[in-house]
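Enquirer: Dumping the structure here so I can ask a few things about it.
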């Protein structure tokens, strides 16, 4: 049962344009959402997060939008740069039975920025 | 501040053998999680350790096990290796604050032949 879904395995965007990566979830208990970026042969790097009590969080070129009623979040990158080419993972967090954080990841979207 | 260190970076094993992977978390982080990454499957959660206790476990067979030491370093063991175990194994550490995310190591690329 895939609780966090990224339905687009890949996305190509022209340099300078907006990149929009999407993510859907099914578990209403998730209360934090995060985006990670991963280059080949490296571990994922934390990008940005959003609490379920908010609908938008912005950090420089990166903005995450959360639509709780639709159980959908998206990551916007503006403007897109060649260095943004990577695999992006959406992750959702809930508190485990032991009170600590448990992350569930999506399958990732490979973003390619075309110069 | 040192990051998460995983050793070895690459490993080739024969089917049926066992393997042990090591992870040193960021100093002060008490939570260590392990993930398996394979193409098309994303990051699959294996287990999480917190203060030497396994707190959460994913849906992997009993051949996959782990432990955490008093200095928070963690090891993951896979016994009776199968070809399908070939993957990138990632370790992540966290201070436990909500929304702060995990810090990942570079991973161990395991190839089973």
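A short reminder: the numbers here are calculations on the coordinates, not readings from a lab. Treat the numbers as computed from the prediction; the structure is a model and nothing was measured. We place every Cβ from the backbone using ideal geometry, glycine too, and count neighbours over all the protein chains shown.
Enquirer: What list do you get for A:13, B:113, B:4 if you sort them by fewest beta carbons within 10 Å?
Expert: Fewest-to-most ranking of A:13, B:113, B:4: B:113, A:13, B:4.
Enquirer: Which distance in Å, rounded to a whole number, links the C-alpha centroids of region B:1-15 and region A:1-54?
Expert: About 26 Å separates the Cα centre of region B:1-15 from the one of region A:1-54.
Enquirer: What ranking of A:38, A:68 emerges when the number of other C-beta atoms within 10 Å of each C-beta is taken as an exposure proxy, fewest first?
Expert: A:68, A:38
Enquirer: Quick one: what do you get for region A:34-115 if you divide its Cα Rg by 2.2 N^0.38 Å?
Expert: 1.16
Enquirer: Also, quick follow-up: Just want the ordering: B:10, B:102, from fewest to most Cβ atoms lying within 10 Å of their own Cβ.
Expert: Listed from fewest to most nearby Cβ atoms, that is B:10, B:102.
Enquirer: At 4 °C and 1.567 mPa s, grab the translational diffusion coefficient of chain B from Stokes-Einstein with a Kirkwood Rh over Cα pairs, rounded to a whole number in µm² per second.
Expert: Roughly 93 µm²/s, to the nearest whole number.
Enquirer: Could I ask something else about it? Among the DSSP beta bridges whose two residues both lie in chain A, what percent are antiparallel, rounded to the nearest 5?
Expert: 90
Enquirer: Now for a separate question. So for the protein assembly as shown, what percent of the C-alpha to C-alpha distances run longer than 31 Å?
Expert: Here the long-distance tail beyond 31 Å is 20 percent of all Cα pairs in the protein assembly as shown.
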